[in-house]
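For reference, the structure is listed below as structure tokens.
Only the coordinates and a few stated rules stand behind these numbers; no lab work does. What you are looking at is a predicted structure, and each value in this text was computed from that prediction instead of being measured. Heads up, the Cβs are rebuilt from the backbone with ideal geometry, glycines too, and the neighbour counts pull from every protein chain shown.
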Amino acid sequence: MKRVLLLTGKPGTGKTAIIKEAIARAKIKAGGFYTEEIRVGRRRQGFRIISLDGREAILAHINISSPYQVSKYRIDVESLNRIGVSAIHQALQECDLVVIDEIGKMELLSPQFREAMLRAINNGKRVLGTIMLSSHPLADEVKRHPEVKVLLVISGNRNQVLKEILNWLGTTSDENHA
């Protein structure tokens, strides 16, 4: 069984929600980070990055100043490094599962993130995360990695994907405690 399980799909299909539910239901020590939208009313204004131990910061927003931009969002690479990259490093040291939500255009702007993400994938620990659906040279390389399995999330298969993740976590969850 592959060590890295990455969810992909269009925005809004529930990839992050599936990962959060799987982590909550699994009996495994997990570390890393996830992202969530910042909304004002019905309009998305940006994204927040939150470590599994509760630290958070603005990852991207329409109203911040930054030389980095993806679509209408300016990216705070320093916050990504401070919260996301440090959470990956900490998870590699202390946890059985590394969560990386997500491997996308915004995150790939950071050399430190790219290094930490590749280190996690090649480390030997299990990694659960999300990866951008569209083509990108580094993301495509990650998708082709021999230890990576990519699951497409669509509106109709959420429960099936969650079940597959829980089975993946359950089948080897005691290996690291032997």
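Brief remarks follow.
- Shape of the chain, Cα gyration tensor, a/c cut at 1.5: prolate
- Among the trypsin sites (Lys or Arg not before Pro) found in the stretch 13-47, those both in a DSSP coil and sparsely packed, with 15 or fewer other Cβ atoms within 10 Å of their Cβ, are LYS27, LYS29, ARG42.
- Computed over neighbours whose Cβ is under 10 Å from that of VAL153, the net charge equals +3, Lys and Arg +1, Asp and Glu -1.
- Extension gain, LYS10 to LEU152, is 50.2 nm, computed as 0.36 nm per intervening residue step minus the present C-alpha separation.
- Net length gained if the chain between GLU94 and LEU138 were fully extended (0.36 nm per residue, minus Cα distance): 13.2 nm
- Near VAL127, the amide H atoms lying under 5 Å from its own belong to VAL4, LEU5, VAL98; only residues 5 or more places off or on other chains count, and H is placed 1.01 Å from N.
- Distance between modelled label sites at GLN69 and LEU166, nm, 7 Å Cα→Cβ extension: 4.5 nm
- Here the stretch 55-81 is scanned for amide nitrogen atoms under 17 Å from the site 7 Å beyond the Cα of VAL40 along Cα-to-Cβ, giving 58-66, 72-75.
- In this structure, the residue pairs whose Cα-Cα separation is over 22 Å, taken from LYS29/LYS143; LYS10/LYS143; LYS20/LYS149; LYS2/LYS125, are LYS29/LYS143.
- Modelled FRET efficiency - R0 22 Å, ARG25 with GLU56, Cβ distances, 0.05 increments: 0.45
- Distant-in-sequence amide contacts of LEU59, defined by a placed amide H-H separation under 5 Å and a gap of 5 or more residues or a different chain, comprise PHE47, ARG48, ILE49.
- Expected 222 nm ellipticity per residue - DSSP helices of 4 or more, -39500 (n - 2.57), all of the chain, to 500: -9000 deg cm²/dmol
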